[in-house]
Every structure is written in structure tokens, then in C-alpha cells.
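Presented below is the structure to which this report refers.
The values are calculated or read from the model by the stated rules, or taken from the named source; none is laboratory data. Since the model is a prediction, treat every value here as computed from it, not as a measurement. Methodologically, a virtual Cβ is constructed for each residue, glycine included, from the backbone with ideal geometry; neighbour enumeration extends over all protein chains shown.
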Amino acid sequence: MAKINIGDPQLNFELPGVDGIKHNIKNIQKIKVVIFSCNHCPYAQAWEDRIIKLQSEFSKHIQVIMISSNDAKQFPDDSFQEMVKRSKEKQFNFPYLYDESQEIATLYGAERTPEVFVFDASGILKYHGTIDDNYENESEVEKSFLKEAIENIINEKNPNPSITEPIGCTIKWKN
């Protein structure tokens, strides 16, 4: 389970991005959608296009920040170089950051890829969990948990539910 709870302040971090820039979460004044993800996980891959759409649709209000914390020695497809390639191939419209030390995933208590933490503009955790209820088929989604959480936060309401079970691969921890 996450080490931060609904209502807790964001845990600040600065990580290198595939764009060659170090990104610091405390410099973002919008709703922050922090997603622990990776290149190789089929769940993470299945949701990438939906994440890109959400960033486009809500760009005025949100900033998606995708973080890969997987051990690249175990999974070379998750190396920084492969992250750069994946970001270009998929045309990510958000920062894709590398948590090589796994410190940020540990601080957040993240366990899955993808696993979402949404903070309001003031940095308070409002939603934690999954993206929607059907990673396999976007057209069969019945509950868009992340999108609904974003809409609620934009409208200054608390997401309901505020917690869902993250669905995906486990983060690949260093030995």
C-alpha cells in the first residue's frame, strides 16, 4: 500500500527526464498526475494512449508526470535509453522521468506499473489507484477513474472513489 494517504502533501522530487531536463514537481502549479510506469509492462503499454489523451484534453489544468523506477539491469527494455526511444515513438506529451535509485517509488510506496497519484494544484493527494476499469479495451471502459478524479478536482470536489486498486505489473526492485 502507498506510504502517502489521501489528504497528505506531495513528496517533492527532482528527476531527469528523457528530454534532457531535470524536472521538479514543486515547480508545477497545476494538478499533478504522477504515474509510475515503465516500457515493458503490457498494462502500462495498454494505457499509454489514454494517458496521452488525458494530458491533451486537460492540458490547461493538469500535468502528467510519468516515472519509471524499474531496475534496468533486470529489464533492459526499461533503461533510460529505451525510455527515450519509447517517448519518441509514442510521442509522449508529458515528462517521462527516470527514478534510477528507486527512491521516489519507495517514498510514494508505489508497487505497480501503472500506479497513479493525483495531487491538486496545492499539492494535496486527492486520488490514488488505477486509470480505468478495462486496460485491454478502451471502448469497453465503464469507469474512467482517473478522468473522473481529474474532473472532480478541477471542479473543487473530492474524487469518489478517491482510492482504487492499481492494476498492472509489479515494480522491478533492485536486488
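Below are the figures for this structure:
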{"read-out": "Hits in region 113-134 (condition: in contact with a strand residue (DSSP E or B) (Cβ under 9 Å, 6 or more places away or on another chain), more than 21 Å from L97 (Cα to Cα) and in a loop (DSSP other than H, G, I, E, B))", "value": "S122"}
{"read-out": "Test: residue in region 135-148 that is farther than 18 Å from A46 by Cα and not in a loop (DSSP other than H, G, I, E, B)", "value": "yes"}
{"read-out": "Scope region 78-87; condition of a type outside the set (A, V, I, L, M, F, W, C), out of contact with any Lys or Arg (no Cβ under 8 Å at 6 or more places or on another chain) and either surrounded by 13 or more Cβ atoms within 10 Å (Cβ to Cβ) or in contact (Cβ under 8 Å) with a residue 24 or more places away in the chain (or both); matching residues", "value": "S79, E82, K85, R86, S87"}
{"read-out": "Scan of region 31-62 for residues that are over 10 Å from the mean Cα position of the chain (by Cα) and of a type in the set (S, T, N, Q), ordered by number", "value": "N39, Q45, Q55, S56, S59"}
{"read-out": "Verdict on S162 being of a type in the set (G, A, S), surrounded by 15 or more Cβ atoms within 10 Å (Cβ to Cβ) and out of contact with any strand residue (DSSP E or B) (no Cβ under 6 Å at 6 or more places or on another chain)", "value": "no"}
{"read-out": "Yes/no for A149 being surrounded by 17 or more Cβ atoms within 10 Å (Cβ to Cβ), under 17 Å from L15 (Cβ atoms) and either modelled with pLDDT under 95 or within 14 Å of the chain's Cα centre (by Cα) (or both)", "value": "no"}
{"read-out": "Looking only at region 64-77, and only at residues there that are in a loop (DSSP other than H, G, I, E, B) and either among the aliphatic types (A, V, I, L, M) or under 18 Å from the mean Cα position of the chain (by Cα) (or both), the one that is surrounded by the most Cβ atoms within 10 Å (Cβ to Cβ)", "value": "N70"}
{"read-out": "Every pair of residues 6+ apart whose Cβ atoms lie under 7 Å, when the first sits in region 111-140 and is over 19 Å from M66 (Cβ atoms) while the second is crowded, with 24+ Cβ neighbours inside 10 Å and among the aliphatic types (A, V, I, L, M)", "value": "none"}
{"read-out": "Count of region 7-37 residues which are touching a residue at least 40 places away in the same chain (Cβ under 8 Å), surrounded by 17 or more Cβ atoms within 10 Å (Cβ to Cβ) and assigned to a loop (DSSP other than H, G, I, E, B)", "value": "4"}
{"read-out": "Residue that is surrounded by fewer than 20 Cβ atoms within 10 Å (Cβ to Cβ), touching a Phe, Trp or Tyr at 6+ places or on another chain (Cβ under 6 Å) and of a type outside the set (S, T, Y), where the choices are H61, H40", "value": "H40"}
